[in-house]
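Visitor: Let me begin by handing over the structure; questions about it come next.
The values are calculated or read from the model by the stated rules, or taken from the named source; none is laboratory data. Keep in mind that this is a model prediction, so the values were computed, not measured. Here the Cβ positions follow ideal geometry from the backbone for every residue, glycine too, while neighbour counts run over all protein chains shown.
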Amino acid sequence: MPDFGLIGHPIEHSQSPKLFEAAYHGKYGYDLIEGQYFEESYAKFLKGYKSVNVTAPFKEKAYEKADIVSGPVALTGAANILVKTPEGVSAHNSDFTGVILTVAEALFPGIIREFYGTFGSKAHVKIHQFVKAQLVERYGRRPAALVAGLGGAGKAAALAAAECGFATTVMNRTAAKAEAFIKGLPEYGFRVADIQDFRKELRSADFVVYALPMALDVFAELGAEDFSAKPLVLEANYRDPAFSGLLRARMLDAGAKYLPGNLWLVNQAVSGYSVMTGAAPDIDSLISL
């Protein structure tokens with residue numbers, strides 16, 4: 001049995017095995033631990049694996065099981081990496097670091113290779129610090145972020161955007177969930193907007209993270225003028241993206257930059273696999289996918 005794997009449901013089409021192979025070139029094995037019930041998959045992890053990735057819909061359950069949590073996990077209440085340690089199971093969130101790496105590379109091309117070449121496994125920390133220090137200068141003002149959808153990935157993205165220095169607005173199909181999320185995080189100055197106001201908020205956003213599983217009805221009406229702020233648009237769903245076809249064409253014509261979900265996935269792997277294995281992944285192989 002391999003030492004590493006992925007817990008989630010459904011995961012049969014996951015790209016994680018491909019990413020793990022690219023990261024370690026077959027040195028370690030990686031299983032898909034498919035299961036409808038988290039408790040059963042978690043028991044398999046405890047019995048036979050050193051570390052696992054966790055994907056939807058189990059990130060919040062993974063957090064609840066952990067004995068030790070990193071800062072982003074504690075703040076979001078969601079984990080996508082579980083690692084066995086002598087002190088218990090530790091939980092980490094590479095959704096958070098994956099967003100930081102993705103926005104950093106979009107704003108400062110080449111930064112991932114440069115910083116990982118210089119700082120190794122601590123590069124994600126240095127990249128975070130660099131973006132936070134340079135963001136206002138890069139835009140000439142404090143830029144605005146909009147995060148739609150507050151599942152595990154959306155919460156991590158909202159926290160990452162705010163940590164980078166964006167004035168961050170969040171929205172969710174269930175408004176109470178958005179209010180509950182920001183209630184315990186007053187230091188970040190999050191603002192909540194109604195999901196019905198997505199179009200209005202989009203028009204003034206410099207960075208958009210779309211973490212809902214399907215397109216909103218308003219997507220059928222969006223035109224190039226709605227992307228006049230030329231935002232970076234990062235979408236979590238890489239299997240069935242909402243920003244596709246004519247909508248994506250209009251967005252690109254307006255000067256917006258689309259950051260697909262598989263890019264976020266790759267940057268999660270870049271920042272997270274060394275935590276899982278204790279060994280640095282092949283950065284060049286991963287980011288060239």
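Visitor: Of the numbered conditions (1) under 25 Å from ALA91 (Cβ atoms); (2) aromatic (Phe, Trp, Tyr); (3) surrounded by 24 or more Cβ atoms within 10 Å (Cβ to Cβ), PHE207 fails exactly one; give the number of that condition.
Guide: Among (1) under 25 Å from ALA91 (Cβ atoms); (2) aromatic (Phe, Trp, Tyr); (3) surrounded by 24 or more Cβ atoms within 10 Å (Cβ to Cβ), the lone unmet condition for PHE207 is (1).
Visitor: Quickly run through segment 21-74 and pick out the residues that are of a type in the set (Val, Ile, Thr), touching a helix residue (DSSP H, G or I) at 6+ places or on another chain (Cβ under 8 Å) and either in the same structural domain as GLY149 (by TED's automatic domain parsing) or in a strand (DSSP E or B) (or both).
Guide: ILE33, VAL52, VAL54, VAL69
Visitor: Consider only pairs whose beta carbons are under 8 Å apart and that are at least six residues apart or on different chains; among these, list those whose first residue lies in segment 88-107 and is assigned to a strand (DSSP E or B) and whose second residue is small (Gly, Ala, Ser) and surrounded by 22 or more Cβ atoms within 10 Å (Cβ to Cβ).
Guide: Final answer for the pair search is ALA91/ALA62; ALA91/ALA79; HIS92/ALA79; HIS92/GLY272.
Visitor: Would you confirm, using the coordinates I've provided, whether GLY26 is among the small types (Gly, Ala, Ser), under 18 Å from SER14 (Cα atoms) and without any contact (Cβ under 8 Å) to a residue 24 or more places away in the chain? If you could, list the steps in order and put the result at the bottom.
Guide: Details: among the small types (Gly, Ala, Ser): yes; under 18 Å from SER14 (Cα atoms): yes; without any contact (Cβ under 8 Å) to a residue 24 or more places away in the chain: yes.
Yes, satisfied.
Visitor: Moving to a separate point now. Got a sec? Which strands (runs of 3 or more DSSP E) wholly within segment 123-227 have at least 1 residues that are hydrophobic (A, V, I, L, M, F, W, C) and touching a residue at least 40 places away in the same chain (Cβ under 8 Å)?
Guide: The qualifying strands (runs of 3 or more DSSP E) are 144-148, 207-210.
Visitor: Which condition breaks for SER274 when tested against (1) surrounded by 19 or more Cβ atoms within 10 Å (Cβ to Cβ); (2) under 20 Å from the mean Cα position of the chain (by Cα); (3) in the same structural domain as VAL147 (by TED's automatic domain parsing)?
Guide: For SER274, the exception is condition (3).
Visitor: Counting only residues that are of a type in the set (Gly, Ala, Ser) and buried (at least 16 other Cβ atoms within 10 Å of the Cβ), which one in segment 35-76 is farthest from LYS177 (Cα to Cα)?
Guide: This residue is SER51.
Visitor: Hey, among LEU146, LEU222, LEU150, LEU159, which residue is over 22 Å from PRO109 (Cβ atoms), among the aliphatic types (A, V, I, L, M), surrounded by fewer than 22 Cβ atoms within 10 Å (Cβ to Cβ) and touching a helix residue (DSSP H, G or I) at 6+ places or on another chain (Cβ under 9 Å)?
Guide: Selected residue: LEU222, the only one of LEU146, LEU222, LEU150, LEU159 that is over 22 Å from PRO109 (Cβ atoms), among the aliphatic types (A, V, I, L, M), surrounded by fewer than 22 Cβ atoms within 10 Å (Cβ to Cβ) and touching a helix residue (DSSP H, G or I) at 6+ places or on another chain (Cβ under 9 Å).
Visitor: Another one. Can you tell me which residues in segment 100-136 are among the β-branched types (Val, Ile, Thr) and within 21 Å of ALA205 (Cα to Cα)? Outline the logic, then answer.
Guide: Residues of segment 100-136 that are among the β-branched types (Val, Ile, Thr), as a first pass: 100, 102-103, 111-112, 118, 125, 127, 131, 136.
Scanning segment 100-136 gives ILE100, THR102, VAL103, VAL131, VAL136.
Visitor: Determine which single condition VAL266 fails, assuming it passes every other condition in (1) closer than 21 Å to CYS164 by Cβ; (2) in a loop (DSSP other than H, G, I, E, B).
Guide: All conditions pass for VAL266, except number (2).
Visitor: What are the residues in segment 164-187 that are surrounded by fewer than 17 Cβ atoms within 10 Å (Cβ to Cβ) and within 20 Å of ARG142 (Cα to Cα), if any?
Guide: LEU185, PRO186, GLU187
Visitor: Here is a follow-up. Do we have LYS177 as more than 21 Å from the chain's Cα centre (by Cα), at pLDDT below 95 and not assigned by TED's automatic domain parsing to the domain that holds VAL54 here? Show your work before the answer.
Guide: Values: more than 21 Å from the chain's Cα centre (by Cα): no; at pLDDT below 95: yes; not assigned by TED's automatic domain parsing to the domain that holds VAL54: yes.
No: the conditions fail for LYS177.
Visitor: Using the structure shown, decide if TYR139 is at pLDDT below 95 and among the hydroxyl-bearing types (Ser, Thr, Tyr).
Guide: Working: at pLDDT below 95: no; among the hydroxyl-bearing types (Ser, Thr, Tyr): yes.
Answer is no for this residue.
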